[in-house]
Amino acid sequence: QMQLVESGGGLVQPGGSLRLSCAASGSIFRAYGMGWYRQAPGKQRELVASIRTGDSTNYADAVKGRFTISKDNIKNTVYLQMNSLKPEDTAVYYCNLNFPGSTYWGQGTQVTVTS
(Lines give C-alpha, C1' and ligand atoms only; values in the text may rest on other atoms or scores of the structure.)
Protein backbone atom coordinates (compact mmCIF):
# COMPACT_ATOMS: atom_id res chain seq x y z
CA GLN A 1 0.00 0.00 0.00
CA MET A 2 1.57 3.25 -1.14
CA GLN A 3 1.56 6.10 1.37
CA LEU A 4 1.93 9.75 0.43
CA VAL A 5 3.03 12.45 2.82
CA GLU A 6 2.69 16.10 1.86
CA SER A 7 4.70 18.88 3.44
CA GLY A 8 5.64 22.49 2.83
CA GLY A 9 2.34 24.18 3.44
CA GLY A 10 1.97 27.16 5.71
CA LEU A 11 1.04 30.79 6.07
CA VAL A 12 2.38 33.23 3.49
CA GLN A 13 1.69 36.79 2.42
CA PRO A 14 0.28 37.60 -1.02
CA GLY A 15 3.06 37.55 -3.58
CA GLY A 16 5.04 35.03 -1.60
CA SER A 17 6.19 31.52 -2.51
CA LEU A 18 5.93 28.03 -1.12
CA ARG A 19 7.15 24.65 -2.32
CA LEU A 20 5.01 21.65 -1.54
CA SER A 21 6.52 18.18 -1.45
CA CYS A 22 4.80 14.81 -1.70
CA ALA A 23 6.97 11.95 -0.56
CA ALA A 24 5.87 8.46 -1.58
CA SER A 25 6.65 5.37 0.47
CA GLY A 26 7.53 3.43 -2.69
CA SER A 27 8.73 3.93 -6.21
CA ILE A 28 6.84 6.41 -8.36
CA PHE A 29 8.66 5.34 -11.51
CA ARG A 30 5.72 3.36 -12.87
CA ALA A 31 3.07 5.95 -12.01
CA TYR A 32 1.41 7.14 -15.20
CA GLY A 33 0.10 10.30 -13.63
CA MET A 34 0.79 12.48 -10.64
CA GLY A 35 -1.03 15.58 -9.58
CA TRP A 36 -1.77 18.23 -7.04
CA TYR A 37 -5.35 19.06 -6.15
CA ARG A 38 -6.75 21.64 -3.77
CA GLN A 39 -9.94 22.13 -1.84
CA ALA A 40 -11.03 25.44 -0.38
CA PRO A 41 -13.74 25.66 2.30
CA GLY A 42 -17.17 25.15 0.77
CA LYS A 43 -15.76 24.26 -2.63
CA GLN A 44 -15.13 21.06 -4.54
CA ARG A 45 -11.68 19.58 -4.86
CA GLU A 46 -10.06 20.78 -8.08
CA LEU A 47 -7.03 19.80 -10.11
CA VAL A 48 -4.22 22.33 -9.84
CA ALA A 49 -1.43 20.66 -11.80
CA SER A 50 -0.54 17.26 -13.18
CA ILE A 51 2.43 15.51 -14.71
CA ARG A 52 2.19 12.38 -16.80
CA THR A 53 4.47 9.77 -18.35
CA GLY A 54 6.92 11.59 -20.59
CA ASP A 55 6.84 14.55 -18.20
CA SER A 56 4.01 16.35 -19.97
CA THR A 57 2.38 18.84 -17.60
CA ASN A 58 -1.01 20.42 -17.31
CA TYR A 59 -2.15 23.35 -15.18
CA ALA A 60 -5.41 24.91 -14.14
CA ASP A 61 -5.89 28.29 -15.80
CA ALA A 62 -5.88 29.98 -12.39
CA VAL A 63 -2.28 28.92 -11.67
CA LYS A 64 -0.65 28.94 -15.11
CA GLY A 65 2.58 30.87 -15.08
CA ARG A 66 2.74 30.85 -11.28
CA PHE A 67 2.90 27.17 -10.28
CA THR A 68 5.27 24.47 -11.49
CA ILE A 69 4.90 20.73 -10.93
CA SER A 70 7.94 18.47 -11.03
CA LYS A 71 9.03 15.05 -9.84
CA ASP A 72 12.15 13.25 -8.72
CA ASN A 73 12.01 9.54 -9.48
CA ILE A 74 15.12 8.93 -7.34
CA LYS A 75 13.64 10.57 -4.25
CA ASN A 76 10.12 9.31 -5.06
CA THR A 77 8.84 12.82 -4.52
CA VAL A 78 6.52 15.15 -6.41
CA TYR A 79 6.81 18.90 -5.96
CA LEU A 80 4.64 21.93 -6.51
CA GLN A 81 6.47 25.23 -6.64
CA MET A 82 4.00 28.03 -6.01
CA ASN A 83 5.00 31.61 -6.75
CA SER A 84 3.10 34.90 -6.71
CA LEU A 85 0.58 33.43 -4.32
CA LYS A 86 -2.83 35.02 -4.02
CA PRO A 87 -5.45 34.87 -1.27
CA GLU A 88 -7.61 32.76 -3.57
CA ASP A 89 -4.92 30.07 -3.53
CA THR A 90 -5.81 29.38 0.09
CA ALA A 91 -6.86 25.73 0.37
CA VAL A 92 -5.83 22.30 1.52
CA TYR A 93 -3.52 20.85 -1.12
CA TYR A 94 -3.54 17.12 -1.83
CA CYS A 95 -1.09 14.96 -3.70
CA ASN A 96 -2.40 12.22 -6.01
CA LEU A 97 -0.60 9.33 -7.69
CA ASN A 98 -2.09 7.03 -10.32
CA PHE A 99 -0.81 3.57 -11.16
CA PRO A 100 -2.53 1.01 -13.36
CA GLY A 101 -5.38 -0.19 -11.15
CA SER A 102 -4.57 1.99 -8.14
CA THR A 103 -4.94 5.59 -7.04
CA TYR A 104 -3.41 7.08 -3.92
CA TRP A 105 -4.02 10.32 -2.03
CA GLY A 106 -2.06 12.13 0.62
CA GLN A 107 -3.55 13.56 3.78
CA GLY A 108 -3.30 17.16 2.60
CA THR A 109 -1.33 20.23 3.62
CA GLN A 110 -2.85 23.61 4.41
CA VAL A 111 -1.81 26.66 2.42
CA THR A 112 -3.04 30.03 3.68
CA VAL A 113 -2.32 33.23 1.79
CA THR A 114 -3.16 36.32 3.78
CA SER A 115 -1.76 39.70 4.69
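The values are calculated or read from the model by the stated rules, or taken from the named source; none is laboratory data. Quick caveat, the model's predicted, so the values are computed rather than measured. A quick note on method: Cβ atoms are made from the backbone with ideal geometry, for glycine too, and the neighbour counts reach across all protein chains shown. With ligands, DNA and RNA removed, areas are computed over all heavy atoms of the protein, side chains included. Shrake-Rupley method; radii C 1.70, N 1.55, O 1.52, S 1.80 Å.
Here's the yes/no breakdown for (1) part of a loop (DSSP other than H, G, I, E, B); (2) without any contact (Cβ under 8 Å) to a residue 60 or more places away in the chain; (3) within 22 Å of S84 (Cα to Cα):
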| site | (1), (2), (3) |
| --- | --- |
| M2 | yes, no, no |
| E6 | no, no, yes |
| S27 | yes, yes, no |
| R30 | yes, no, no |
Can you tell me which residue is surrounded by the fewest Cβ atoms within 10 Å (Cβ to Cβ) among those in region 90-110 that are assigned to a strand (DSSP E or B), over 11 Å from the mean Cα position of the chain (by Cα) and touching a residue at least 12 places away in the same chain (Cβ under 8 Å)?
S102
If I filter region 57-71 for residues that are more than 17 Å from S7 (Cβ to Cβ), of a type in the set (V, I, T) and modelled with pLDDT under 95, do I get at least one hit?
no
Checking A31 against (1) open to solvent by less than 40 Å² (accessible area, probe 1.4 Å); (2) hydrophobic (A, V, I, L, M, F, W, C); (3) modelled with pLDDT of 95 or more, which single condition isn't satisfied?
(3)
Hey, can you tell me all the residues within region 54-89 that are assigned to a loop (DSSP other than H, G, I, E, B), of a type in the set (S, T, N, Q) and either open to solvent by 40 Å² or more (accessible area, probe 1.4 Å) or in contact with a Lys or Arg (Cβ under 7 Å, 6 or more places away or on another chain) (or both)?
S56, N73, N83, S84
